[in-house]
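Have a look at the structure below before the remarks.
The values are calculated or read from the model by the stated rules, or taken from the named source; none is laboratory data. The structure displayed is predicted, hence computed values, not measured ones. Backbone-built Cβ (ideal geometry, glycine too); neighbour counts: all protein chains shown. Ligands, DNA and RNA are stripped out before the accessible areas are found, and what is left, the full protein with its side chains, is counted by its heavy atoms. Shrake-Rupley method; radii C 1.70, N 1.55, O 1.52, S 1.80 Å.
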Amino acid sequence: MRQPKIIFVNRVYWPDEAATAQLLTDLATELVTRGWQVHVVTSGNGSASCAGVAVHRVGGTGPRDNLLRRFWHDCRFLLEVRRAVKRLAEPGDVVVLKTDPPLLAVALTATALARGARVLHWIQDIYPELVPRHAGRWLSPCFAPLRWLRNCAWRDSRHCLVPSADMRPLVEQSGGPAVSVTVIPNWAPRDLESPATGVAVAQLRSTWGLSGKFVVVYSGNLGRVHEFDTLLRAAILLRHDDAVVFAMVGDGPRRAEVETFVAQQALANVRFFPLQPRTELSTSLAVGDIHLV
């Protein structure tokens, strides 16, 4: 009897270090060690096997510096990924759809079901609701058809997985009585299992010019829908306190905007540092006396 495959679909995967890529890489490699046959359909070029995971890269990459370019590349990716799922999925397989790019559920649920596969939605973001929240609530009626299609995809799936209890009722209300939802919190990267040494932390503080400071850290993505006004107002209030430094560790579409504001306000107590690789994450996180999430 043929062993069912688990087929994950997400725009990013190892070696990309975006949050969804890290979660998916951890889970896929762990499932392989437990005897599962695991495939990942993702963007990029050059399909290969990585730690026992069959990685199918279908293109769809390119600059994502504005919404129009992002939309174009996402559409290309969705077309290619449908072809890949048609080719890979067989009766009894499990197709797990994440939420990068948006509305992956709408594009692929029917395709996977038609191949006889079972579908799980691993929901990290709620699209299309995020778009009007970011661009203007007046756009909300324009997305009603997509919300309806998304809700149908959730209902047609075997299960929906969400990372938090407050997201569960939203998915249940949107999908209706037929949708089944389970909360599975996201986990910390495995690289944090080994704590940073005091020597490494002191060395990084020195390199970043933070020795002797009380360090407030924001570590991660500076995304379009993230809120930085609170942090920046705090920095303004504490601008004359030389003992306190705000460290912004990461990158994202709003980094340039935040950097511009800091320069205009001449906030010497806000400093920017590059996104840290997973191997250095325990050390960079330990630099902070307080973390903002």
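Data table
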{"item": "Accessible area (Å², 1.4 Å probe, nearest 10) - Trp36", "result": "110"}
{"item": "Whichever lysines have a C-alpha closer than 19 Å to that of Lys98, once near sequence neighbours (fewer than 8 apart) are set aside", "result": "Lys5, Lys86"}
{"item": "By accessible area with a 1.4 Å probe, ligands and nucleic acids excluded, highest first: order of Cys160, Cys75, Cys142", "result": "Cys142, Cys75, Cys160"}
{"item": "Isotropically averaged projected area of segment 78-218, using the convex hull of Cα atoms (one quarter of hull area), nm²", "result": "12.9"}
{"item": "Per residue solvent-accessible surface (Å²) - segment 43-129, probe of 1.4 Å", "result": "45"}
{"item": "HN-Hα J in Hz across segment 9-20 - Karplus 6.51, -1.76, 1.60, θ = phi - 60°, x for Gly and Pro", "result": "10, 7, 5, 10, 7, 3, x, 4, 10, 4, 4, 5"}
{"item": "Sites Asp191 and Glu227, calculated FRET efficiency, Cβ-Cβ separation with R0 22 Å, nearest 0.05", "result": "0.20"}
{"item": "Between 0 and 90°, nearest 10: helix 198-207 axis offset from the chain longest Cα axis", "result": "70"}
{"item": "Dipole magnitude of the chain about its Cα centre (Cβ charges: Lys, Arg +1; Asp, Glu -1), debye to nearest 20", "result": "1060"}
{"item": "Segment 214-293: trypsin sites (Lys or Arg not before Pro) in DSSP loop, at most 13 other beta carbons within 10 Å", "result": "none"}
{"item": "Probe 1.4 Å - accessible area at Phe272, Å² to nearest ten", "result": "50"}
{"item": "Sparse-neighbourhood loop sites, GluC sites (Glu not before Pro) in segment 148-232 - DSSP loop, at most 12 other Cβ within 10 angstrom", "result": "Glu227"}
{"item": "Positive-end residue, the chain charge dipole about Cα centroid, Cβ charges, pick of Val287, Leu78, Val53", "result": "Leu78"}
{"item": "Nearest-ten-degree value, helix 67-88 long axis tilted from longest Cα axis of the chain", "result": "40"}
{"item": "His291, His39, ranked by accessible area, largest first (probe 1.4 Å)", "result": "His291, His39"}
{"item": "Simple label model, 7 Å out from Cα along Cβ direction - Ser211 to Leu170, nm", "result": "4.5"}
{"item": "Charge dipole (debye, nearest 20) of segment 1-111; +1 at Cβ of Lys and Arg, -1 at Cβ of Asp and Glu", "result": "380"}
{"item": "The chain: relative contact order in percent, alpha carbon pairs under 8 Å with at least 6 residues between", "result": "13"}
{"item": "Shape call, segment 12-119: gyration tensor on alpha carbons, a/c limit 1.5", "result": "oblate"}
{"item": "Per-pair calculated FRET efficiency, R0 = 30 Å: Arg254 and Trp148 via Cβ, rounded to 0.05", "result": "0.50"}
{"item": "Listed residues Ala153, Leu97, Thr111: farthest to the positive end of the dipole of segment 72-192 (Cβ charges)", "result": "Thr111"}
{"item": "Net dipole in debye of segment 1-64 [+1 Lys, Arg Cβ; -1 Asp, Glu Cβ; about Cα centre; nearest 20]", "result": "260"}
{"item": "Of all accessible heavy-atom area on the chain, the percent that carbon and sulfur account for (1.4 Å)", "result": "58"}
{"item": "Tensor-based shape of the chain (alpha-carbon gyration tensor, a/c under 1.5 rounded, otherwise prolate or oblate)", "result": "prolate"}
{"item": "Radius 13 Å from Cβ of Gln276, net charge of other residues (Lys, Arg +1; Asp, Glu -1)", "result": "-3"}
{"item": "Gyration tensor verdict on segment 160-293 (Cα atoms; rounded if a/c is under 1.5, prolate if a/b is larger than b/c, oblate otherwise)", "result": "oblate"}
{"item": "Computed accessible area, Leu275, all protein chains, 1.4 angstrom probe, square angstrom", "result": "100"}
{"item": "Placed amide H near Val95: partners under 5 Å, 5+ positions off or other chain", "result": "Ile7, Arg118, Val119, Leu120"}
